[in-house]
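Heads up, the thing below is written out as structure tokens.
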Amino acid sequence: MTEVLASETLVGRSGILAAVADCLLDRNGPGVLLLGDAGLGKTALVNAVIQELGHRVRPFRVFAGATLAGVPFAALAPLITSLTPGQINEPLSVMKAVTAALNPAREREPVPAVLVVEDAQHLDEGSVAVLAQLTAAEVAKVVFICRPHPAPPGEIFSMWSEGLLDRFDLQPLNGQDVDQLCAQVLGAPVVPSAGAVLRRASGGNPMFLLELIGNARSAGQLVSRNGAWMLTSELRGNSLRLLDLVRNQIVHLDHLQREALDTVALAEPLPLDVLRQASDHYAVDELQEMRLITIDSDAEQHVRLAQPLVGEVLRQIVPAARSLRIRQRILQLLENRPQTMDGLLRYVSWGLEAGARIPDTEILEAAQLANRLFIPSYVERVAGAIKDPALKLAARVEVARAKWYRGDIRGTAWEISGIVERTNHPATLRQVSMLAAQLARRQGAGPNAVKQAAYEWEAALARIAESTRGIDAQELELGRLGSRLLVLEGMQAEGRHVETERELRQIWQQGGDGETRLLAGTLLAESMAVTGKPLSALQVLADVKDILDAAGYWGLQHTGFFMRRYILALLHAGEFTVLEEYLQNHVSQAPNSLIYDGGALHFSAGSVDLRRGNLGAALPCLRQAVSMLRVSDLQSDLPDAVAAAAYAASLLKFRDVAASYTLEHESLAREGMESSLLGRAHAAMAKVQQVGLRPTLARLMSLADIAAANGAVGPEIDILVLVLRAGDLSVVRRLSSLAETSEGRTAEFAFSYSQALDAKDAAGLIALSEAAAREGLELAAADYAGHALRILESRGDKSRQLEAQRLLKRRTAALGKAPAATGQGMPDLSKLTRREQEIVALVQTGSSNRDIALSLGLSLRTVEGHLYRMFAKLGISDREKLISGDHSGEQTV
């Protein structure tokens, strides 16, 4: 085997790189058949192999092509220039000429020749036969670079089956590879949500991915914030380069195939029987065989393009007249409007473009659906087509929501102004009132403004009941119930969860329509999670999830509402592994919501890392969340995210970063955007170095008392644990009493922790530290070990004290960056420059010097120089001591 091959420009191909290199270096081994769709990097891979092998091979290159496929030996023309016109069609003469060209010096054992054949799927039969003989006679190693469609000549596959070739199928990049390529191109990582969206849009095709990155960056859709790249709006595949790439990919299609492909692009998803009526039957089958289209397994067998980006481009390049003709034909063949969600969106948009008469009700429905799927650009494009005055106010609400997703607070407020007083439709009133409540919270108007939106909703319902005839009484009653639920949500925002639980349970148990039960059950679960019953809350949410799954597309509007409470319950229950899997699964599905609500998900992921003590991951994730929430904060999470980032930075002793976020948190509070009790506690802990321990403890105890007064058991437990971390043991029995009657792993650990502290049980704390570490709770494990050491030190138990010191050191090393519970043992990173602190953070996440250079856009030599100077400043000798905190004065030589 050859040594491991690496490339600065190729990502996710190291295994194939090494295998192809082995084939080319093995004199008695086979040649290479490299198969892959356009844009997957076949040529780049072969070039990288040849460059790596250097003088060990002699490369030659020939090119086949569709226009030369019918000309005998045309692809081999560069190697047979010595032949006369009479010899050029003689296979034996061609064979001799190629052999001579590959070994012009006629050496007996020359350096192996490697003949690379580009676009080998277009080779003529004669050329394939000659190349087969060359391979069999070991004159040269032949590398066939082929697309799978159109299929390469059968003789090439025969060579593979006979062992003359090793076959390698190049696949699209996976999620990790996409993230790595993005970071390589952009000089810094993309946030996970943006990486998922880019992966979905590109299909993992490196060529498409690179074009998307370049286009999105130049269009301002991809921006850098806090050392990471994030998306601010939907991607658009409209670069000239991308248009050319797609054209080249479909240039080999005949007229009938292209007609069928354009039809799918314009009308997808399209029932298979409709497509076959509108296009040539055989052409449809051929497109499926070429993997240009896919057919769903549903009853109507809906047809879609295999690569969404291709559809995006095709819809731009199909001539207007042809597009109109295709669309009108499809409209005639469709007996009913499409039943799928994306089918409805396409039906309305291309119906309007084709000049068809689409009912205003269907346009409004499509706009509402687009908002639920987080496609605000669609809403802004079609809502203006609604002419019915009775529906115009409802359309304005949808435009307002589209602006809300984009973070346009003023635009949202302007669009919804006056609608509550003017509308006579209960459904429109529901939508505008719920949006007004969200807007009020985002503007810092507070819980009272949320309740005020509910009261105005109720007053408008009374006006409608008195002034409008024919209004459904049940619809009005559901509206009143909805307004009451909004009041209860406002009370929860005030911390009054105990007061709301009984009424919410009554509404949940009484039944009613699905939407009312969904909202009531979700709010009930929030109250239960906060008041110490998170496991019971998860049981309620499981039933709510069943309603949501059966709701169809109307339930999409409440997905984020449900998700937020589900995450809250998992956090309070201490079910961090379940939560991590849930977040990863959601991100991997890459819904459009990640562009606009991804900040909340990153905040949740960072919160898990912070609770676990994985600070090297927590701080970057929380900083990314803050950057995203500054652009779009649909659930008013920004203050809590800022506070969490400040606390994580303070644990890492990044004092400037902590101070910056603390100031931002205070500024948000002055603007009326108050964080939760735990958020305020995090902000207080982040300021301990500035204000001192005593004021910090006083602030924490004040917040704990507020939580106790409101029955907020979960937040009170979290705050009391922070008090213990700060070194105040006076709350031990209070925490024990509170945790004993609460549900979940967080409460269980808190109870055992407080019991052991109360009993001064060092052995129990050591055992608890081991148990916490097994569950990945490294910060808690370090806390427990630190308190065990203090107890043993106070007793003068030297033998067990040494054991506890070793345990604490292991726990601190496992944290990577967190200060020990005793406050000792970590390098003082305040000595470092900002750049050096950035490098420390990356070292402590396990990044290699090369990874750090790539992430920060530095040379490898520069990174090594920074590390050398940092070690001298901190009095340590290597990376491990930087991570573990062992800086006992040993100097770098």
(message) For the stretch 267-281, give me the residue count where each residue is in contact with a Ser or Thr (Cβ under 6 Å, 6 or more places away or on another chain) and closer than 16 Å to Arg322 by Cα.
(response) 2
(request) Please work out which residue is farthest from Asn205 (Cα to Cα), limiting yourself to the stretch 117-176 and to residues that are among the β-branched types (Val, Ile, Thr) and assigned to a strand (DSSP E or B). (result) Val142
(request) Could you tell me which residue of the stretch 279-302 is surrounded by the most Cβ atoms within 10 Å (Cβ to Cβ), considering only residues that are at pLDDT 90 or above and of a type in the set (Gly, Ala, Ser)? (result) Ser279
(request) Test Ser349 against the criterion of being hydroxyl-bearing (Ser, Thr, Tyr) and either in a loop (DSSP other than H, G, I, E, B) or surrounded by fewer than 18 Cβ atoms within 10 Å (Cβ to Cβ) (or both), and give yes or no. (result) no
(request) Please list, ordered by first then second residue, the pairs with beta carbon atoms under 6 Å, 6 or more apart or interchain, first in the stretch 128-139 and in contact (Cβ under 8 Å) with a residue 12 or more places away in the chain and surrounded by fewer than 20 Cβ atoms within 10 Å (Cβ to Cβ), second of a type in the set (Lys, Arg) and not in a loop (DSSP other than H, G, I, E, B). (result) none
(message) Six or more apart or on different chains, Cβ atoms under 6 Å: show the pairs whose first residue is in the stretch 455-466 and in contact (Cβ under 8 Å) with a residue 60 or more places away in the chain and assigned to a helix (DSSP H, G or I) and whose second is of a type outside the set (Asp, Glu) and surrounded by 15 or more Cβ atoms within 10 Å (Cβ to Cβ).
(response) none
(request) State all residues of the stretch 695-719 that are under 21 Å from Arg496 (Cβ atoms) and not small (Gly, Ala, Ser); if no residue qualifies, say none. (result) Leu703, Asp705, Ile706, Asn710, Val713, Pro715, Glu716, Ile717, Asp718, Ile719
(request) Kindly indicate which of Leu634, Leu594 is in contact (Cβ under 8 Å) with a residue 40 or more places away in the chain, under 30 Å from Gln431 (Cβ atoms) and surrounded by fewer than 24 Cβ atoms within 10 Å (Cβ to Cβ). (result) Leu634
(request) Taking only the stretch 71-101 into account, find how many residues are of a type in the set (D, E, K, R) and part of a helix (DSSP H, G or I). (result) 1
(message) Anything in the stretch 190-215 that is closer than 15 Å to Val313 by Cα and part of a helix (DSSP H, G or I)? List them, or say none.
(response) Ala201, Ser202, Met207, Phe208, Leu209, Glu211, Leu212, Asn215
(message) Please go through the stretch 463-479 and give me each residue that is within 38 Å of the chain's Cα centre (by Cα) and over 25 Å from Arg442 (Cβ atoms), ordered by number.
(response) Leu478
(request) State the number of residues belonging to the stretch 166-216 that are basic (Lys, Arg), surrounded by fewer than 22 Cβ atoms within 10 Å (Cβ to Cβ) and at pLDDT 90 or above. (result) 1
(request) Could you list all residues from the stretch 367-393 that are part of a loop (DSSP other than H, G, I, E, B) and among the acidic types (Asp, Glu)? (result) Asp388
(message) It is to be established whether one or more residues within the stretch 796-809 are modelled with pLDDT of 80 or more, assigned by TED's automatic domain parsing to the domain that holds Leu615 and over 22 Å from Glu770 (Cβ atoms).
(response) yes
(request) Quick one: in the stretch 384-421, of everything that is of a type in the set (A, V, I, L, M, F, W, C) and farther than 16 Å from Val432 by Cα, which residue is surrounded by the most Cβ atoms within 10 Å (Cβ to Cβ)? (result) Ile386
(request) Starting from the stretch 859-880, keep only residues that are outside any helix (DSSP H, G or I), then list their pairs with residues that are of a type in the set (Asp, Glu) and at pLDDT below 65 whose Cβ atoms are within a distance under 6 Å, requiring at least 6 positions of separation or different chains. (result) Ser877/Glu890
(message) Which residue is surrounded by the most Cβ atoms within 10 Å (Cβ to Cβ), if the candidates are limited to the stretch 17-47 and must be aliphatic (A, V, I, L, M) and over 19 Å from Ala120 (Cα atoms)?
(response) Ala21
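For every residue, the table says whether it meets (1) crowded, with 19+ Cβ neighbours inside 10 Å; (2) under 24 Å from Gln492 (Cα atoms).
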| position | (1), (2) |
| --- | --- |
| Arg670 | no, yes |
| Ser675 | yes, yes |
| Val691 | no, no |
| Leu697 | yes, no |
| Ala704 | yes, yes |
| Val721 | yes, yes |
| Ser736 | yes, no |
| Ser742 | yes, yes |
| Ala747 | yes, yes |
(message) Here is a check on your reading of the model: is Leu722 part of a helix (DSSP H, G or I), touching a helix residue (DSSP H, G or I) at 6+ places or on another chain (Cβ under 9 Å) and closer than 27 Å to His497 by Cα?
(response) yes
(request) Starting from the stretch 520-539, take each residue that is farther than 22 Å from Ala750 by Cβ and list its partners that are buried (at least 24 other Cβ atoms within 10 Å of the Cβ) and small (Gly, Ala, Ser), counting only C-beta distances under 9 angstrom and pairs at least six apart or across chains. (result) Leu524/Ala537
(message) Within the stretch 677-719, take every residue that is under 17 Å from Glu740 (Cα atoms) and outside any helix (DSSP H, G or I) and give me the one that is farthest from the chain's Cα centre (by Cα).
(response) Gly711
(request) Mind telling me which of the residues Ser536, Ser588 ends up being under 19 Å from Gly606 (Cα atoms), among the polar types (S, T, N, Q) and either surrounded by fewer than 21 Cβ atoms within 10 Å (Cβ to Cβ) or at pLDDT 95 or above (or both)? (result) Ser588
(request) Output the residue which, of all residues in the stretch 505-533 that are among the acidic types (Asp, Glu) and in a helix (DSSP H, G or I), is modelled with the highest pLDDT. (result) Glu526
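The values are calculated or read from the model by the stated rules, or taken from the named source; none is laboratory data. None of the values given here were measured: they were computed from a predicted structure. Cβ sites come from the backbone with ideal geometry, for glycine too, and all protein chains shown count toward neighbours.
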